[in-house]
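Data first, discussion second: the structure below is written as structure tokens.
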Amino acid sequence: MAKVWIIAESELPPPRTGYDLVLWSTAILPSATQTQTWAGWAETHIIARTPAAETLAFTPHPRDWAATDLAMGNGRVWRFEDRYVAWLDRSALHVPEVGRALSMAGVELIVSDTDQRYPSPFLDPLWRTVQANQIYGLSLDTSPRLYWPCEIDPAEEGFQALEREPGGFSATLDFSALESARRLFPIHQGLRLDVYQSHGWWDR
Amino acid sequence: MNPFMRLFMGVLLRAKLSRHAPPVGSPSDGALPLPQDRIKIGAVQWNAEPVRRVDEWTRRVEDLFREASRVHCHLLVFPEYLPLSLLGALMPDGTGAHTLTDATIQSVLRTTAPALQRFWLKWMSALSRQHHLVTVAGSGLMVRHGRLQNVAVIFDKDGQIIGQQPKLHVLPDETRWGIAAGDTLSQPSLPPWGVTSIVCNDATYFETFRMAAAQGARIIAVPIADPEARYTVGKARRGCFSQVQDVPMVGVVSAATGRLFGLRLSGKAGIYLPAELTPDGSGVLAESDLPIGEGLVSAVVSLNQLAAFQAERVARHPLPPEDFLQALYHVEEDR
């Protein structure tokens, strides 16, 4: 289980403990020192990112949280509790191969902020990516949503609005549940790499 | 199942089916040529419960053709496993079917596939010709090169087969029943329409749509028979609807519903487009009201509008570079 706090303030709120990961989509980044100190006090990982993809990320220790820049799409990947978390631009997810590549490489949570309002979560490319790859997705906007595989959602719709709390929103992610989803409906096991390779739609 | 039972079952089914000949289709001379841009598509929602009498199946299929013809469709799409309801003529209400072992199911399916295939294709050919409709006849089981496969078939308006497509991504249940996956995606038919058909779970994978689009497909038919006792919008939207948002095409879903030999099927017939091409921005051009029952939904699509949107989409969201995709779909030697 990972408890996630999504900060919905324009400045860092007072730190509090009990979270494993803090995500902050902000217009302006504070100083690196301030953010690093905050991570130490809150004893949590934190990723802060602006719409221009300027990013600060620290571990609870507190140290720089090493990341890998993505070759495709504007984004980064961090190692988090034996799995990987990616934060990338929503437009990158309109190319479904990006989400496929990330999930096949072990990413189990994709975070993406957007200023676009989708009339339905089913039209959000992040929701599609989550369902296609049976991972978690966190859509950060004024009304953040958690996306998760339909197989592990009691409502079978694959999304839920996040719970509002002082300073933002919170979500609890059970990564082990993803394995249940993949057992119930083994999407990745059903991939026909041989067929895709022989058709090679990319070299036409 | 012992060989005698298999033989008996095959002979009995052939005898029952042979009593029902399809109508003699009128020639298509005089029928209007197929339009190049705006085409009307019909998608069938089918009650797949086993029929007690063969003529019940033929009457309902004829009714659906008649209705599609009445609303001036050019293309009509039927669901996955359309012929399987005919097994009700042998096993009236499927009593006890859910207690059969996988080996017995495998044996029944393989034994009955040839007779069902002949009957199904004969009728769909005749009705396509009679109503001058391009028809995706749904899918049925066929023994091809010794392998049992779940194959979608496309007829032109003269009743000629112009496309066949085995399911590429078979479900674990189907594997247990001896159904083998296909290995290649057929070229689309009827340019400039570019009609192709895939089968049910193939639509879970955007890769299927990428392959079809690269081959020039613009209309992708998806016969389905979803073994979901409870219909939810979320699960339904994961397939064809989602894929045409990222790989723009006209997606046509025809759904089998109801109880079929122990399986509870649900799903809606629908016609889907990228959200930007639907008047209300929903991505849904037409869809059945309920996920059970039988009927037809239809809508007009503009292929020229779609082509313009496809070009714009590719410019805005180009494919990843070739080396990226080669690495993503690399097949390891020990796989």
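The values are calculated or read from the model by the stated rules, or taken from the named source; none is laboratory data. This is a predicted model, so every value here is computed, not measured. FYI the Cβ positions are ideal-geometry reconstructions off the backbone, even for glycines, and counts take in every protein chain you see. Just so you know, the surface numbers come from the protein's heavy atoms only, side chains and all, with ligands and any DNA or RNA stripped out. Shrake-Rupley method; radii C 1.70, N 1.55, O 1.52, S 1.80 Å.
List of remarks:
- Verdict on B:V44 being surrounded by fewer than 12 Cβ atoms within 10 Å (Cβ to Cβ) and either under 20 Å from the mean Cα position of the chain (by Cα) or in contact (Cβ under 8 Å) with a residue 40 or more places away in the chain (or both): no
- Every residue from segment A:96-120 that is open to solvent by less than 10 Å² (accessible area, probe 1.4 Å) and within 14 Å of another protein chain (Cβ to nearest Cβ): A:E97, A:V98, A:G99, A:R100, A:V107
- Just so you know, in segment B:123-140 the residues that are of a type outside the set (G, A, S) and within 17 Å of the chain's Cα centre (by Cα) include one that is farthest from B:H72 (Cα to Cα), and it is B:W123.
- The residue list B:K268, B:K235 contains one member that is of a type in the set (D, E, K, R) and within 15 Å of the chain's Cα centre (by Cα), which is B:K268.
- When residues of segment A:121-143 are limited to those that are within 14 Å of chain B (Cβ to nearest Cβ) and among the aromatic types (F, W, Y), the one least open to solvent (accessible area, probe 1.4 Å): A:W127
- Residue match in segment B:317-335 (condition: more than 10 Å from chain A (Cβ to nearest Cβ), surrounded by fewer than 21 Cβ atoms within 10 Å (Cβ to Cβ) and either free of Cβ contacts under 8 Å to residues at least 12 places away in the same chain or part of a helix (DSSP H, G or I) (or both)): yes
- Matching strands (runs of 3 or more DSSP E) fully within segment B:166-285 where at least 2 residues are open to solvent by less than 10 Å² (accessible area, probe 1.4 Å): B:195-197, B:219-224, B:250-260, B:270-272
- Scanning segment B:33-85 for residues that are part of a strand (DSSP E or B) and basic (K, R) turns up B:R38, B:K40.
- A:R90 vs. criteria without any contact (Cβ under 8 Å) to a residue 24 or more places away in the chain and under 23 Å from A:D141 (Cα atoms): no
- For segment A:145-204, filtered to residues that are basic (K, R) and at the interface with chain B (Cβ under 7 Å from one of its Cβ atoms), the residue that is nearest to B:V233 (Cα to Cα) is A:R192.
- Flag for A:V4 being closer than 24 Å to A:A177 by Cβ, free of Cβ contacts under 8 Å to residues at least 40 places away in the same chain and among the aliphatic types (A, V, I, L, M): no
- Tally of residues being among the aliphatic types (A, V, I, L, M), closer than 24 Å to A:R145 by Cα and assigned to a strand (DSSP E or B) across segment A:42-96: 9
- One residue stands out in segment A:37-63 among those that are over 22 Å from A:D113 (Cβ atoms) and touching a Pro at 6+ places or on another chain (Cβ under 6 Å): the one that is most open to solvent (accessible area, probe 1.4 Å), namely A:W41.
- Failed criterion for B:S107 (all others in (1) open to solvent by less than 20 Å² (accessible area, probe 1.4 Å); (2) more than 22 Å from B:V77 (Cα to Cα); (3) within 14 Å of chain A (Cβ to nearest Cβ) hold): (3)
- Residues that are assigned to a loop (DSSP other than H, G, I, E, B) and open to solvent by 40 Å² or more (accessible area, probe 1.4 Å) within segment A:157-173 comprise A:E157, A:P166, listed in sequence order.
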